[in-house]
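To keep things clear, I will list the structure first and then write my remarks on it.
The values are calculated or read from the model by the stated rules, or taken from the named source; none is laboratory data. Predicted, not measured: the structure shown is a model, and the values here were computed from it. Cβ sites come from the backbone with ideal geometry, for glycine too, and all protein chains shown count toward neighbours. Ligands, DNA and RNA are stripped out before the accessible areas are found, and what is left, the full protein with its side chains, is counted by its heavy atoms. Shrake-Rupley method; radii C 1.70, N 1.55, O 1.52, S 1.80 Å.
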Amino acid sequence: MIAVIDYDAGNIKSVEKALMALGETAVITRDRETILNAGKVILPGVGAFGDAMQKLRGYHLEEIIQEVVLRGTPFLGICLGLQLLFESSEEAPGVRGLGILKGKIVKIPDHTELKVPQIGWNALKFPNSGRLFQGIQEESYVYFVHSYYLQAAEPEIVTATTTYVVPIHASVEKENVFACQFHPEKSSDVGLQILRNFIAL
């Protein structure tokens with residue numbers, strides 16, 4: 001069973017549907033025991049960093065997430081779920097992130113030709129091998145919706161990058177923690193393979 005953490009963020013139902021399409025049992029929950037007993041845990045999300053951290057703390061989910069990670073349970077952050085795993089975001093100055101991974105979230109610079117937020121498909125490069133990308137070719141396209149992007153402090157954890165105005169750390173992996181800035185649940189066959197790889201961990 002995969003626990004999908006419910007903190008009132010967007011895109012939770014689409015993650016659930018993608019997992020069900022792959023034959024997985026997915027439970028949308030904020031119940032401590034359900035999350036801790038799950039075989040895998042996903043933190044999805046579309047929304048604002050500060051509001052999301054306030055809700056995670058209000059629902060007492062921060063300590064549960066920390067415990068899941070310490071237990072070694074495979075954990076996947078998606079979009080805002082990736083950003084929350086890091087220390088801070090320019091979107092919410094002074095708000096502390098989960099700090100599970102080292103790095104910061106910064107705004108995509110304004111550009112004369114490229115619109116911010118980035119909404120659409122971008123190709124991935126793989127600077128380091130990642131278990132989420134087994135069987136997936138470099139330059140595969142995935143779907144992004146974001147105005148802020150990750151600058152990871154540890155280059156060795158970055159398993160996928162893309163470029164939109166600036167180079168973007170698009171996916172990371174460290175021990176049992178995985179995260180994608182893009183939406184695998186909305187990225188067609190490539191995205192389903194990424195989720196399949198996570199399920200198979």
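Based on alpha-carbon centroids, what's the gap between segment 15-88 and segment 112-168 in Å, whole number please? First find each Cα centre; the distance between them is then 21 Å.
For segment 15-76, what class follows from the C-alpha gyration tensor (a ≥ b ≥ c being the square roots of its eigenvalues): rounded when a/c is under 1.5, otherwise prolate if a/b is larger than b/c, else oblate? Oblate is the answer for segment 15-76, as a/c is 1.5 or above yet b/c matches or exceeds a/b.
Using a cutoff of 8 angstrom between alpha carbon atoms and counting only pairs six or more residues apart, the relative contact order for the chain works out to 19 percent.
Can you bin segment 82-201 into rounded, prolate or oblate? Criterion: square roots of the alpha carbon gyration tensor eigenvalues sorted a ≥ b ≥ c, rounded for a/c under 1.5, prolate for a/b above b/c, oblate for the rest. Here segment 82-201 falls in the oblate category. The overall shape of segment 1-140 is oblate: from the C-alpha gyration tensor, with semi-axes ordered a ≥ b ≥ c, the ratio a/c is 1.5 or greater and a/b is no larger than b/c. Computed from label points 7 Å out along Cα-Cβ, the spacing between residue 112 and residue 63 is 5.4 nm. Accessible surface area normalised per residue over the chain is 44 Å², counting heavy atoms of protein chains with a 1.4 Å rolling probe.
Lys-Lys pairs in segment 1-140 that are eight or more residues apart or on separate chains and whose Cα atoms lie under 20 Å of each other come to 5. Taking trypsin sites (Lys or Arg not before Pro) in DSSP loop conformation with at most 15 other Cβ atoms inside 10 Å as exposed sites, the chain has its longest uninterrupted site-free stretch at 1-95.
Under the simplified labelling scheme, the residue 119-residue 71 pair shows an inter-label distance of 3.8 nm, with each label point 7 Å from Cα along Cα→Cβ. Could you work out what % of the accessible surface of the chain is carbon and sulfur, using a 1.4 angstrom probe and leaving DNA, RNA and ligands out of the count? Carbon with sulfur: 50 percent of the solvent-accessible area. Multiplying each eigenvalue of the alpha-carbon gyration tensor of segment 40-93 by 5 and taking the square root yields semi-axes of 19, 12, 10 Å, largest first, rounded to whole angstroms.
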